[in-house]
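Here is the structure we will look at.
The values are calculated or read from the model by the stated rules, or taken from the named source; none is laboratory data. All figures in this text were calculated on a predicted structure; none of them were measured in a lab. Don't worry about glycine lacking a Cβ; one is built from the backbone with ideal geometry, like all the others, and counts go over all protein chains shown. Just the protein is used for accessible areas: all its heavy atoms, side chains included, with ligands, DNA and RNA removed. Shrake-Rupley method; radii C 1.70, N 1.55, O 1.52, S 1.80 Å.
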Amino acid sequence: MSPYHIGGLRIAHTLLKPSVVDFIEFATRSGNIDLQMEEISVREGASIAGSTLDQCGIGRELGIIIVAIKRTGGDMTFNPTFKTVIKREIS
């Protein structure tokens, strides 16, 4: 990881999208609002593997917002719909 690369991206994002950067900093700083971002992996054999977000009910039952799903190959689906299928991670 290059601090110059990270710093350059940070400066660019701050110039191009200052409100977005402000929101992310505010939201992720502890003690501001009741927002916590987490990353989870769906392992082989998980009970939710193969079901849609609606079928498994994790958003509804746990009150969470799923921002993105990252597949094993690295592809990401942002703002997934209730029809998006949860797939297991293959090790």
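Given a 1.4 Å probe, how much area per residue of the chain is accessible, in Å²?
The answer is 85 Å² per residue.
Of the listed values (1) 30, 18, 12; (2) 22, 16, 12; (3) 23, 15, 14, grab the one calculated as semi-axes √(5λ) of the Cα gyration tensor in Å from the structure here.
So the structure-derived entry is (1).
Work out from phi, with θ = phi - 60° and the Karplus expression 6.51 cos²θ - 1.76 cosθ + 1.60, the ³J(HN,Hα) of each residue of segment 61-66, listed in order in whole Hz, and give x for Gly and Pro.
Rounded to whole hertz, the list is 6, 9, x, 10, 10, 8.
If the cut-off is 13 Å between C-alpha atoms, which aspartates and glutamates fall inside it for K83, apart from same-chain ones fewer than 8 positions away?
Straight-distance partners of K83: D54.
Run the 1.4 Å probe and let me know the accessible area of V67, rounded to the nearest 10 Å².
Rounded to the nearest 10, that gives 80 Å².
Rounded to the nearest percent, how much of the accessible area of the chain (1.4 Å probe, protein heavy atoms only) is carbon and sulfur?
58
For T14, T72, T52, what's the largest-to-smallest order of accessible area, 1.4 Å probe?
T72, T14, T52
Express in nm, to one decimal, how much length is gained between S19 and V85 on full extension, taking 0.36 nm for each residue of separation and deducting their alpha carbon distance.
Length gained, S19 through V85: 20.6 nm.
Find the relative contact order for the chain and round it to a whole percent, using C-alpha pairs within less than 8 Å whose residues are 6+ positions apart.
RCO, the chain: 26 percent.
With everything on Cα atoms, drop me the angle between helix 3-16 and the longest principal axis of the chain, reported from 0 to 90° to the nearest 10.
For helix 3-16, the angle is close to 90 degrees.
Of the trypsin sites (Lys or Arg not before Pro) in segment 1-66, which ones lie in a loop per DSSP and count no more than 12 other C-beta atoms within 10 Å?
R29
To the nearest 10 degrees, how steeply does helix 18-28 sit against the main Cα axis of the chain, on a 0 to 90 scale?
Taking the Cα atoms of the chain, the angle to 18-28 is about 60 degrees.
What distance in nm separates the two pseudo spin-label positions at H5 and A27, each 7 Å out from Cα along the beta-carbon direction?
2.5
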